[in-house]
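In what follows, a single structure is set out as structure tokens and then discussed.
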Ligand SMILES: Cc1cc2nc3c(=O)[nH]c(=O)nc-3n(C[C@H](O)[C@H](O)[C@H](O)COP(=O)(O)OP(=O)(O)OC[C@H]3O[C@@H](n4cnc5c(N)ncnc54)[C@H](O)[C@@H]3O)c2cc1C
């Protein structure tokens with residue numbers, strides 16, 4: 001025994017000496033690890049490097065730490081609209097919503113009507129983000145989001161039309177990178193709507209891999225407006241360009257080459273952006289694509305030998321070759337605003353409309369929302385909408401506080417557009433035929449059709465999930481990995497070893513801390529984890545605290561053992577990204593509930609949202625371990641993380657039942673969940689009729705209960721509905737007003753369940769079809 005203790009003691013002392021004596025550690029451990037690291041570290045292209053440097057980190061870095069500082073999230077002031085922003089939403093945006101007739105837009109005109117175009121331009125809806133000194137509205141990200149969300153609940157075509165000039169496009173690029181002359185030249189016209197902008201990056205050969213665009217601009221001398229000018233001659237072939245067919249100002253991305261070195265020493269400056277008036281000779285535009293029946297202006301743009309002065313490059317000479325960086329930096333925030341707003345608008349519309357529909361539509365003698373299968377779908381609609389809105393609001397609060405969370409913007413885009421897809425799919429199931437038959441009576445059909453557009457644009461979702469979220473998240477947010485990368489790339493061998501050694505020493509301590517925390521929390525069900533507040537909400541914070549150390553440990557070991565191959569193993573990377581994303585979304589759920597003053601009526605929504613987040617995090621972990629190539633490590637991780645078995649079970653049937661009820665009946669929780677979308681009580685609108693029918697159904701059903709009870713007790717004969725009503729009034733079982741209310745509710749119900757039919761299905765304007773037939 002003494003010998004054993006002595007041996008262990010010597011071993012421990014040796015290890016401690018190696019670990020704590022710097023030079024020894026460097027030569028025995030760090031040098032060897034550095035060689036290994038260099039072998040496995042993934043090569044990073046210039047575009048990847050630029051993407052990585054764009055934007056910053058925020059709460060994602062806290063989650064990666066395995067020990068999030070909850071006060072940083074909880075103390076973030078909620079985003080609030082200014083009085084001017086609120087007035088704009090209640091005034092011009094409300095008015096625009098009333099002007100929009102989505103059926104006419106999507107079926108008959110295949111465009112916004114001229115008066116809507118004029119209204120959008122006149123009211124400066126294209127200038128939401130342009131500062132007031134240039135004539136724009138200078139609104140906050142929250143106002144921008146609320147405007148797009150409200151419009152999306154009325155017409156996706158209008159929402160996309162307004163959204164695009166306010167997200168990644170000429171105005172944003174000018175504000176960030178333009179020269180003062182360029183800003184003064186273009187921003188007033190963009191703000192007043194005199195100019196219609198588009199941004200053209202994508203082409204037939206460059207979609208997701210946009211940086212590989214074959215569109216080339218060659219620096220050369222030419223003649224512009226009769227004067228010899230140093231310029232760029234560009235050939236380009238772009239497609240899918242939103243507002244392209246009607247744009248007056250094109251933001252164009254192309255690869256700049258300078259074979260004669262007229263601009264400097266570099267013959268290949270690379271991706272460059274320029275602002276080009278659409279009437280510049282050589283530009284062909286006007287043709288349109290038809291994106292799944294959502295007829296916002298979108299089409300190809302072709303340029304042949306288009307000569308532009310070099311001053312048209314955004315940022316002038318300083319902007320040459322900086323195009324990719326500009327795009328990545330602009331995308332790193334904008335991606336988290338517009339499409340998440342559109343997605344949440346769709347979700348809120350479904351929660352409000354389909355919830356009410358399920359209450360009004362009766363089958364087998366009961367509202368369909370009473371059936372358990374429909375309840376499950378309704379609970380998902382309500383719960384996911386709550387998750388979406390929470391993440392949207394918290395992300396906007398972070399932007400408003402001056403954060404620039406690049407990876408979280410990708411998380412928002414991916415998670416909210418996927419949730420939009422799931423919510424609308426559930427809504428379509430509940431609506432049955434009434435969701436399928438298009439027409440003015442169906443407010444959801446076009447929202448359904450638009451889903452793949454939201455999924456594809458601003459970073460297609462498969463790519464975003466598999467490549468961006470964890471790939472960029474790990475490098476940006478991990479407290480040590482980026483420094484290890486930088487150290488390994490340091491050309492000075494002595495400095496490289498010193499830097500790497502320091503980073504590795506910190507990394508090992510970090511790993512051990514997370515391992516111990518994970519074990520402790522796994523054994524106690526997270527009961528010893530941080531709990532920033534008491535009560536049921538505090539218990540949820542504890543679970544997230546626990547799971548964040550689980551995530552940090554798994555992410556670390558995956559990176560350590562798989563190294564650069566993790567980039568190719570997209571499925572594993574996607575699952576790690578899902579865990580990160582869902583932890584963020586779940587944290588937003590809790591924060592949002594607190595920001596709303598913790599209304600008790602919303603507790604079931606929050607419980608559903610959390611149960612759903614937690615089970616999805618657990619599923620992602622299980623799938624990660626099941627497919628992890630190092631089998632022994634995967635088994636070990638599972639035992640360390642969840643030593644007493646899988647802890648989460650997802651929402652129960654009873655919880656689903658309670659959550660479904662929240663959108664089946666009028667009430668404060670329903671109003672809070674769907675706040676900010678277009679609402680109406682106008683019987684000529686489908687969304688107005690359903691509100692009237694829901695209000696009427698609540699009272700009418702109470703009367704019907706009295707009648708049914710009377711029939712059961714033999715006090716009333718089981719006649720047809722109208723005779724029964726008459727006799728019930730005569731027998732003084734109900735009042736004449738009650739009977740009138742039941743009749744009115746029935747009429748409204750009939751109006752709601754009615755679907756459109758047509759004598760002639762062909763739209764009045766068939767210009768687009770005729771043209772494409774002619775082209776074929
Ligand atoms: C309606 C609409 C409007 C648009 N508006 C504009 C605009 O205004 N300006 C503009 O420049 N562009 C615009 N786009 C282009 C849009 O950004 C691209 O469609 C998008 O980048 C995807 O390119 P792609 O369609 O060629 O698909 P592809 O690049 O061919 O991708 C197809 C699929 O492969 C996946 N994929 C590709 N590479 C990987 C990978 N490495 N790992 C995993 N999955 C991968 C993608 O996620 C996608 O699911 C618009 C597109 C549409 C449809």
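For residue 293, are the conditions met, namely being modelled with pLDDT under 95, within 12 Å of the ligand (Cβ to nearest atom) and not in a strand (DSSP E or B)? Spelling it out, residue 293 is indeed modelled with pLDDT under 95, within 12 Å of the ligand (Cβ to nearest atom) and not in a strand (DSSP E or B).
Residues checked against (1) in a loop (DSSP other than H, G, I, E, B); (2) more than 22 Å from residue 682 (Cα to Cα); (3) in contact with a strand residue (DSSP E or B) (Cβ under 8 Å, 6 or more places away or on another chain):
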{"site": "98", "(1), (2), (3)": "no, no, no"}
{"site": "105", "(1), (2), (3)": "no, no, no"}
{"site": "115", "(1), (2), (3)": "no, no, no"}
{"site": "118", "(1), (2), (3)": "no, yes, no"}
{"site": "129", "(1), (2), (3)": "yes, yes, no"}
{"site": "138", "(1), (2), (3)": "yes, yes, no"}
{"site": "143", "(1), (2), (3)": "no, yes, no"}
{"site": "160", "(1), (2), (3)": "no, yes, yes"}
{"site": "172", "(1), (2), (3)": "no, yes, no"}
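Restricted to region 483-526, and to residues there that are part of a helix (DSSP H, G or I), free of Cβ contacts under 8 Å to residues at least 24 places away in the same chain and in contact with a helix residue (DSSP H, G or I) (Cβ under 6 Å, 6 or more places away or on another chain), the residue that is farthest from residue 554 (Cα to Cα) is 499. For region 457-501, a residue qualifies if it is within 16 Å of the ligand (Cβ to nearest atom) and touching a strand residue (DSSP E or B) at 6+ places or on another chain (Cβ under 9 Å), and exactly one does: 457. Tallying residues that are more than 16 Å from the ligand (Cβ to nearest atom) and outside any loop (DSSP other than H, G, I, E, B) within region 179-216 yields 13.
Of everything in region 145-158 that is within 16 Å of the ligand (Cβ to nearest atom) and part of a helix (DSSP H, G or I), the residue that is farthest from residue 110 (Cα to Cα) is 148. Only a single item in (1) part of a loop (DSSP other than H, G, I, E, B); (2) crowded, with 17+ Cβ neighbours inside 10 Å; (3) in contact (Cβ under 8 Å) with a residue 12 or more places away in the chain is not met by residue 255, and it is number (1). Applying the set (1) within 14 Å of the ligand (Cβ to nearest atom); (2) part of a loop (DSSP other than H, G, I, E, B) to residue 300 leaves exactly one unmet item: (2).
If you check residue 274 against the conditions, is it without any contact (Cβ under 8 Å) to a residue 60 or more places away in the chain, over 30 Å from residue 107 (Cβ atoms) and crowded, with 20+ Cβ neighbours inside 10 Å? The answer is yes for residue 274. Of everything in region 232-251 that is closer than 16 Å to residue 274 by Cα and outside any strand (DSSP E or B), the residue that is nearest to the chain's Cα centre (by Cα) is 244.
If you go through region 440-456 and pick out every residue that is more than 14 Å from the chain's Cα centre (by Cα), in a helix (DSSP H, G or I) and within 16 Å of the ligand (Cβ to nearest atom), you end up with 4. In this structure, residue 430 does not satisfy being crowded, with 19+ Cβ neighbours inside 10 Å and either closer than 30 Å to residue 501 by Cα or under 14 Å from the mean Cα position of the chain (by Cα) (or both).
Scoring residue 118 on the criteria (1) surrounded by fewer than 22 Cβ atoms within 10 Å (Cβ to Cβ); (2) more than 28 Å from residue 316 (Cβ to Cβ); (3) within 16 Å of the ligand (Cβ to nearest atom) leaves a single failure, condition (3).
The values are calculated or read from the model by the stated rules, or taken from the named source; none is laboratory data. Treat the numbers as computed from the prediction; the structure is a model and nothing was measured. Cβ sites come from the backbone with ideal geometry, for glycine too, and all protein chains shown count toward neighbours.
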